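J.: The following block contains the structure, expressed as structure tokens.
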Amino acid sequence: MKSLEGMSVIVTGGGSGIGAATARRFAAGGARVTICGRRPEAVARVANDAGANCRPVTADVTLDADRRRLVDAAVEFGGGLDTLVSNAGNMYRGPVTDLDEAQLLSVFHTNVVAGMLLTGLCVAHMVERGGGAVCFLGSIHTQRAFPGASPYAATKGALEALTGVLAAELGPRNIRVNCVRPGAVFTEINQRAGLLDDESARKRLEALAPAHALGRIGTAEEIAEALEYLTCAEWTTGAVVSVDGGLGLGVTNA
């Protein structure tokens with residue numbers, strides 16, 4: 001496999017959770033990591049923890065000007081661009097009878113459209129480096145049906161389909177496109193969506209532990225490990241890799 005050493009990497013949604021863990025892991029491996037998020041204090045804190053190999057950029061991936069500014073910052077910081085980890089996302093839940101169109105479009109914009117457009121901006125820079133990698137973040141919601149989660153599940157299903165199409169489209173330019181499908185991992189996504197407080201969110205996830213074949217929920221660091229593999233594995237593209245402790249297996253004692 002390739003090494004992270006000397007790579008220039010963008011990680012969106014880098015202010016917490018999986019994005020923060022990925023930034024720390026990649027920076028420790030020698031990559032020059034540019035992280036973004038909408039909360040300046042959060043991305044600054046992660047960058048400080050990750051060290052000199054990490055630069056924070058306050059940016060909203062749903063805004064064209066911010067996406068362009070993010071790519072420019074990464075190219076300047078890393079001397080080019082090798083990898084995009086499209087991690088930024090949001091949550092919207094509710095029964096299908098009560099969904100709000102504006103909120104539905106907003107979650108698709110954040111979770112799907114923004115990553116597509118950001119990928120498009122990265123292509124030319126990756127080609128200049130002889131190729132590159134794009135990693136999307138899917139979800140166990142495409143494998144296990146959670147009532148009330150149709151908006152979020154639909155966005156993650158779209159990303160999994162997008163992974164295959166873009167792998168085929170960008171393969172001739174030596175750009176690999178893959179997706180990690182996490183199981184239950186404690187992050188801030190539910191809380192940021194106003195659905196749960198930290199304590200309630202953790203209890204809800206921990207209640208899913210027996211449904212995992214390995215009997216526990218995962219960590220952001222374990223997802224970052226998979227993202228490193230997909231970034232560096234030079235003959236892996238179009239893959240959707242489950243890193244879910246066996247939650248997608250549908251374990252049951254019934």
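Throughout, read-outs are computed from the coordinates displayed, never taken from laboratory work. Bear in mind that the values here come from a model prediction, so they are computed numbers and not experimental data. For neighbour counting, all protein chains shown are included, and Cβ atoms are generated from backbone atoms with ideal geometry for every residue, glycine included.
J.: Placing unit charges on C-beta atoms (Lys and Arg positive, Asp and Glu negative, everything else neutral), compute the dipole magnitude of segment 1-73 about its Cα centre in debye, rounded to 20. If you can, show how the numbers build up before the last one.
T.: On the way: 11 positive and 7 negative charges, 20 e Å.
So the dipole magnitude of segment 1-73 works out to roughly 100 debye.
J.: Output the 0 to 90 degree angle, nearest 10, between the alpha-carbon long axis of helix 114-128 and the longest principal axis computed from the alpha carbons of the chain.
T.: Tilt relative to the chain: about 30 degrees.
J.: Right, next: With +1 on each Lys and Arg Cβ and -1 on each Asp and Glu Cβ, how big is the dipole of the chain about its Cα centre, in debye rounded to the nearest 20? Spell out each step's value before the answer.
T.: Values: 23 positive and 26 negative charges, 34 e Å.
Charge dipole of the chain: 160 debye, to the nearest 20.
J.: Need the C-alpha centroid separation for segment 96-149 versus segment 80-95, integer Å.
T.: After rounding, the separation between the Cα centres reads 6 Å.
J.: In percent, what relative contact order does the chain have, based on Cα pairs under 8 Å that are 6 or more apart in sequence?
T.: On the way: 545 pairs, mean separation 50.7, N = 254.
Normalised by residue count, the contact order of the chain is 20 percent.
J.: Taking +1 at the Cβ of each Lys and Arg and -1 at the Cβ of each Asp and Glu, which of Leu247, Tyr229, Leu70 sits farthest along the dipole of the chain towards its positive end, judged by Cα position relative to the Cα centre?
T.: The one lying farthest along the dipole's positive direction is Tyr229.
J.: What percentages make up the Cα-Cα pair-distance distribution of segment 103-202 when the bins are 10 Å wide from 0?
T.: The distribution over segment 103-202 is 14, 41, 29, 13, 2, given as percents.
J.: What percent does the relative contact order of segment 73-149 come to when contacts are Cα pairs within less than 8 Å and at least six residues apart? Don't jump to the answer; show the numbers that get you there.
T.: On the way: 63 pairs, mean separation 38.9, N = 77.
Relative contact order comes out at 50 percent.
J.: How far is helix 150-170 tilted off the main Cα axis of the chain, in degrees rounded to 10, range 0 to 90?
T.: That works out to roughly 30 degrees.
J.: Can you give me the angle between helix 40-50 and the longest principal axis of the chain, using Cα atoms only, in degrees from 0 to 90, rounded to the nearest 10?
T.: Roughly 70 degrees between the two axes.
J.: Counting only C-alpha contacts under 8 Å and six or more residues apart, can you give the relative contact order of segment 7-106 as a whole percent?
T.: 33
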